[in-house]
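Step one of this worksheet: look at the structure below.
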Ligand SMILES: O=C(O)CCC(=O)C(=O)O
């Protein structure tokens, strides 16, 4: 087959997906729900174009909202140097992730772990599913998660959500005013049975939206026995034939050996640290959380996206009262908090 024939053949195969995505983007701009077929086509195009199409979708939907730095004098971390967010964003551009030099303050860690121990969470895995308190000694599933609606009951989480410095990391990295599209906290339990794939414990890339930055805050000490996050360095942008064939498998879990084959064993970065450790990652790159073997792990996570186009986003009711930090942030940047409705 000539090169020309194979090109036109793949263009013919991609055309229905391009059309579905374009129609979905128009629906999104009209304020309609994201059509599921547009989302599926976005994922297929991502694999076929090694990510170029998702970048383009993100740019088309968000370029009109450039990020403008807000005041960072009164956030969780006090007076943060103005060059910190740009330098962290640069590191993420290069490697796909970056550690923050500061930790979450200890009183916040204490209150959040207390919140997570004394409030019921959703657990799910294998054939068990339910809601209950997390007990590290007798977990019923690998993961106990607090959906956004539960997280928002914590004033500390509200303050994290409203923190301008954390937001500025995403703003600097994405280049546009970010929109929070995910807020969650979960326990990873020491748990023998079940399918690790359900718990994001096998390598995968995320693709709920076309572009985003995820913030991870460890609320317990994380060493090798606590199931550290593992990120495949540079996998957020490295393109070659082996990577192309991994991405064309679609939105699926990938065995370690195939990741090592495509990126090399020295690309795997295991991220540990004491409670309060904060890092950001572009999880379009391959990553996973190792299954804890010795002690449980509690993580708070936020995702800042360029647009809410993509997978379905369920609006989350905002409880009342809201902390002064979050109230001010919502007033300053209503679009950033569009998912959260009063
Ligand atoms: O548990 C982890 O560290 C992995 C989390 C993950 O896969 C994700 O946030 O997409």
Exercise. Select from segment 325-342 the residues that are surrounded by fewer than 19 Cβ atoms within 10 Å (Cβ to Cβ) and within 16 Å of residue 72 (Cβ to Cβ) and list them in ascending order.
Key: 328, 332
Quiz item: Looking at 223, 261, 256, which one is more than 25 Å from residue 55 (Cα to Cα) and touching a helix residue (DSSP H, G or I) at 6+ places or on another chain (Cβ under 7 Å)?
Solution: 261
Exercise. For segment 271-298, name all the residues that are surrounded by fewer than 21 Cβ atoms within 10 Å (Cβ to Cβ) and not in a loop (DSSP other than H, G, I, E, B).
Key: 271, 273, 279
Quiz item: Applying the selection to segment 94-132, what residues are surrounded by 14 or more Cβ atoms within 10 Å (Cβ to Cβ) and in a helix (DSSP H, G or I)?
Solution: 95, 108, 109, 111, 112, 113, 115, 116, 117
Exercise. Could you tell me whether any residue of segment 56-78 is assigned to a helix (DSSP H, G or I), touching a strand residue (DSSP E or B) at 6+ places or on another chain (Cβ under 7 Å) and surrounded by 13 or more Cβ atoms within 10 Å (Cβ to Cβ)?
Key: yes
Exercise. Could you tell me whether residue 295 is in the same structural domain as residue 256 (by TED's automatic domain parsing), away from the ligand (no atom under 14 Å from the Cβ), touching a residue at least 60 places away in the same chain (Cβ under 8 Å) and more than 20 Å from residue 167 (Cβ to Cβ)?
Key: yes
Practice problem: Please identify the pairs in which a residue from segment 170-188 that is in the same structural domain as residue 330 (by TED's automatic domain parsing) and within 21 Å of residue 296 (Cβ to Cβ) has its Cβ atom under 6 Å from the Cβ atom of a residue that is in a strand (DSSP E or B) and away from the ligand (no atom under 12 Å from the Cβ), counting only partners at least 6 apart or on another chain. | Solution: 185/146; 187/144
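Quick one: in segment 79-93, of everything that is part of a helix (DSSP H, G or I) and touching a helix residue (DSSP H, G or I) at 6+ places or on another chain (Cβ under 6 Å), which residue is nearest to residue 282 (Cα to Cα)? Please lay out each step first, then the result.
Narrowing segment 79-93 to residues part of a helix (DSSP H, G or I): 84-93.
Okay, now just the ones that are also touching a helix residue (DSSP H, G or I) at 6+ places or on another chain (Cβ under 6 Å), so 85-86, 88-89, 92.
Details: 85: 15, 86: 15, 88: 12, 89: 10, 92: 7 Å.
Within segment 79-93, the match that is nearest to residue 282 (Cα to Cα) is 92.
The values are calculated or read from the model by the stated rules, or taken from the named source; none is laboratory data. Predicted, not measured: the structure shown is a model, and the values here were computed from it. Here Cβ is always computed from backbone atoms with ideal geometry, including for glycine, and neighbour counts include all displayed protein chains.
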